[in-house]
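The values are calculated or read from the model by the stated rules, or taken from the named source; none is laboratory data. Everything numeric in this text was worked out from a predicted model, so none of it was measured. Neighbour counts are summed over all protein chains in view; Cβ atoms, including those assigned to glycine, are modelled from backbone coordinates with ideal geometry.
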């Protein structure tokens with residue numbers, strides 16, 4: 001179960017894909033937290049109301065799955081890093097990977113998202129609002145690199 005400050009529905013969706021059975025914002029009232037714990041203990045999934053509403057809107061507006069939803073967590077991190085202007089060298093230092101590995105991720109991103117260059121990549125990230133919460137850490141506990 002995640003208890004987090006991350007309001008963007010993409011975090012919740014990624015958490016659920018990683019196996020979470022609960023997703024709540026840190027600002028929830030005690031009553032809702034207890035309800036969520038009971039729900040998860042009973043083997044069901046609980047998503048805080050605000051995020052559930054965001055997921056519903058997202059789903060309604062995106063009837064066709066967006067390509068970025070199929071990216072691994074590391075690919076998503078590299079995508080956001082590149083979009084914020086970080087170099088492959090900076091990302092390799094940040095993720096403790098070789099520069100060659102970051103270039104491989106970059107190429108894979110361009111292929112998967114059907115983009116031609118870094119400018120297209122930046123436009124894609126902005127169009128899909130993937131920098132929401134940019135100052136927040138991307139790798140949440142419980143996520144593994146794919």
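Just one residue in the set 47, 55 is in contact with a helix residue (DSSP H, G or I) (Cβ under 9 Å, 6 or more places away or on another chain), without any contact (Cβ under 8 Å) to a residue 40 or more places away in the chain and in the same structural domain as residue 8 (by TED's automatic domain parsing); that residue is 47. For residue 2, the criteria (1) closer than 26 Å to residue 126 by Cα; (2) buried (at least 20 other Cβ atoms within 10 Å of the Cβ); (3) touching a residue at least 40 places away in the same chain (Cβ under 8 Å) hold in every case but one, which is (1).
Would you confirm, using the coordinates I've provided, whether residue 84 is at pLDDT 90 or above and closer than 21 Å to residue 108 by Cα?
Values: at pLDDT 90 or above: yes; closer than 21 Å to residue 108 by Cα: yes.
Yes, satisfied.
Out of all the residues in the range 21-44, is one or more in a helix (DSSP H, G or I) and under 19 Å from the mean Cα position of the chain (by Cα)?
Of all residues in the range 21-44, those in a helix (DSSP H, G or I) come to 30-41.
So of that shortlist, the ones also under 19 Å from the mean Cα position of the chain (by Cα) come out as none.
Checked the range 21-44: no residue is in a helix (DSSP H, G or I) and under 19 Å from the mean Cα position of the chain (by Cα).
Table: residues versus (1) surrounded by 19 or more Cβ atoms within 10 Å (Cβ to Cβ); (2) in contact with a strand residue (DSSP E or B) (Cβ under 8 Å, 6 or more places away or on another chain); (3) under 24 Å from residue 19 (Cα atoms); (4) without any contact (Cβ under 8 Å) to a residue 12 or more places away in the chain.
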| site | (1), (2), (3), (4) |
| --- | --- |
| 70 | no, no, yes, no |
| 76 | yes, no, yes, no |
| 79 | yes, no, yes, no |
| 82 | yes, no, no, no |
| 85 | no, no, no, yes |
| 95 | no, no, yes, no |
| 102 | yes, no, no, no |
| 113 | yes, no, no, no |
| 119 | no, no, no, yes |
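Does residue 24 qualify as being touching a strand residue (DSSP E or B) at 6+ places or on another chain (Cβ under 7 Å), at pLDDT 85 or above and either surrounded by fewer than 17 Cβ atoms within 10 Å (Cβ to Cβ) or in the same structural domain as residue 115 (by TED's automatic domain parsing) (or both)? Full working, then the answer.
Numbers: touching a strand residue (DSSP E or B) at 6+ places or on another chain (Cβ under 7 Å): yes; at pLDDT 85 or above: yes; either surrounded by fewer than 17 Cβ atoms within 10 Å (Cβ to Cβ) or in the same structural domain as residue 115 (by TED's automatic domain parsing) (or both): no.
Judged against the criteria, residue 24 is not a match.
Taking the listed residues 16, 34, 25, the one that is touching a helix residue (DSSP H, G or I) at 6+ places or on another chain (Cβ under 7 Å) and either free of Cβ contacts under 8 Å to residues at least 12 places away in the same chain or closer than 23 Å to residue 131 by Cα (or both) is 25, with no other qualifying.
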